[in-house]
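The values are calculated or read from the model by the stated rules, or taken from the named source; none is laboratory data. Just so you know, these numbers come straight off a predicted model, no measurement behind them. With ideal geometry, Cβ positions are generated from the backbone for all residues, glycine too; neighbour counts draw on all protein chains shown.
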Amino acid sequence: MSSERSGPERTDDGRYVMVRGRRWRATDPDIPEDDAAALRSHLMAARRAVKEAGRAADDAALRRARERVQRAKVALGERGTPWWEQSPAERSRRWRDGLARLDRLHED
C-alpha cells in the first residue's frame, strides 16, 4: 500500500479502515480507480434513494434501493466474501460483474 493513498486510517494489513473508532472492511485495493469511482457513485446514489424512499414510506422502492447498496458494497469488496480470500480472477469478476449490473439498473 502506498503511503500517498488518502482516506481514512487503515489497519496494518490494509484490510480494514478505522472511522470514528469503528473498524470497517476496506474497499478492494485492486479495483482500478475509474471503476472504483463508478462503484462509489452507484453506492452514493443508492444511499440517496434509500433516504428518499424512507421519507416517502415507499417499501418497494426502499427494498430496491437497499439491494443497490448491497450490490455496490459487494462489488467494492466491502461485503460478501472478503477480497483477500478471493483469487485475482474472482476479485476481478466480482467488481466487473457488480459494476455491469449496477450500470444496467441505472439505465432502467
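Results, tabulated for the structure shown:
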| item | result |
| --- | --- |
| Out of A46, A65, A72, sole residue that is surrounded by 19 or more Cβ atoms within 10 Å (Cβ to Cβ), of a type in the set (G, A, S) and in contact with a His (Cβ under 7 Å, 6 or more places away or on another chain) | A72 |
| Count of the stretch 74-90 residues which are within 15 Å of R25 (Cα to Cα) and not in a loop (DSSP other than H, G, I, E, B) | 6 |
| Residue check, R93 modelled with pLDDT under 95 and assigned to a helix (DSSP H, G or I) | no |
| Test: A36 is buried (at least 18 other Cβ atoms within 10 Å of the Cβ) and hydrophobic (A, V, I, L, M, F, W, C) | yes |
